[in-house]
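See below for the structure under consideration.
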Amino acid sequence: MSRADAATRILDAAASLGAAAGVAALSLQGVASAAGVSKALVLYHFEGKDQLLAALAARLVAEDVAALDTAVGAADPLDAWREVAGDATRRARRALLVGLLHDAALRAHATELTVPRYAAAGRLAAALLRTAELRPRISPALVGRVLLHQLDGVAAMPATNTE
């Protein structure tokens, strides 16, 4: 396994573990076990838990931005927005991201991690407004922040059984 493969495998395991069980489940040993590697290998790639969490948060931000930008480029941004908001896997990973952004270890970096998300949400809001032929008095960036807070709020809500 190459260095990059090992780091990717560790982050994949951390994302899956965290999405399933929350930020509290992200111990170094727990992530190592989920990845099928030693704790020493986790520490080789990430100097400690804080660095692991920061790398995981950066990856989740990149995924979130990519999903929002995909919706921007869709033929129907509203349908794409609904898909982004309703996808259970994205919702669980976004809930993990929200938890990480509130974790004490990442609080100092939360603003810089959030900036690209706000920018992508602003682009989505502009596309939605353009498609609906609306020209609100407030900026698309502000509408985008509302959309992003809505996504984060829905992600943080416990899943309910709709059967």
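Counting each pair of different Cα atoms once, what's the Kirkwood radius of the chain in Å, rounded to one decimal? It would help to have the intermediate numbers written out before the result.
On the way: mean 1/r = 0.0598 Å⁻¹.
Hydrodynamic radius (Kirkwood, Cα only) of the chain equals 16.7 Å.
In this label model, D76 and Y44 are separated by 5.0 nm, measuring between points 7 Å along each Cα→Cβ vector.
Ranked highest first by the average count of other Cβ atoms within 10 Å around their residues, in what order do 132-144, 86-98 fall?
Numbers: 132-144: 12.2, 86-98: 18.0.
My ranking of the peptides, most packed first, is 86-98, 132-144.
Give me the percent relative contact order of region 1-101, please, defined on Cα pairs under 8 angstrom at least 6 residues apart. The partial results should precede the final answer.
Details: 79 pairs, mean separation 30.3, N = 101.
Worked out over region 1-101, it gives 30 percent.
Taken as entire DSSP H runs, the helices of the chain that both span 20 Å or more between Cα atoms along their own long axis and average 0.0 or more on the Kyte-Doolittle scale are 3-21, 49-72, 88-102, 110-131, 140-156. Placing pseudo-labels 7 Å out from each Cα toward the beta carbon at R3 and V146 gives an inter-label distance of 4.8 nm.
If you average 1/r over all unlike Cα pairs in region 9-63 and invert the result, what Kirkwood radius do you get in angstrom? Could you put the intermediate results ahead of the total?
Details: mean 1/r = 0.0931 Å⁻¹.
One decimal place: 10.7 Å for the Kirkwood radius.
Share of region 7-72's accessible area from carbon and sulfur, percent, 1.4 Å?
With neighbouring chains kept in place, the figure for region 7-72 is 57 percent.
Would you please put 115-127, 145-157 in order of how densely packed they are, using the mean number of other Cβ atoms within 10 angstrom per residue and starting with the highest?
On the way: 115-127: 20.7, 145-157: 15.5.
Highest-to-lowest ranking by the protection proxy: 115-127, 145-157.
The mean sequence separation of alpha-carbon pairs under 8 Å and at least six residues apart, normalised by the residue count of region 58-163, gives a relative contact order of 32 percent.
The values are calculated or read from the model by the stated rules, or taken from the named source; none is laboratory data. Quantities reported herein were computed from a predicted structural model and do not represent experimental measurements. As a convention, Cβ positions derive from the backbone with ideal geometry for all residues, glycine included, and neighbour counts pool all protein chains shown. Accessible surface is based on the protein model in full, side chains and every heavy atom, while ligands, DNA and RNA are left aside. Shrake-Rupley method; radii C 1.70, N 1.55, O 1.52, S 1.80 Å.
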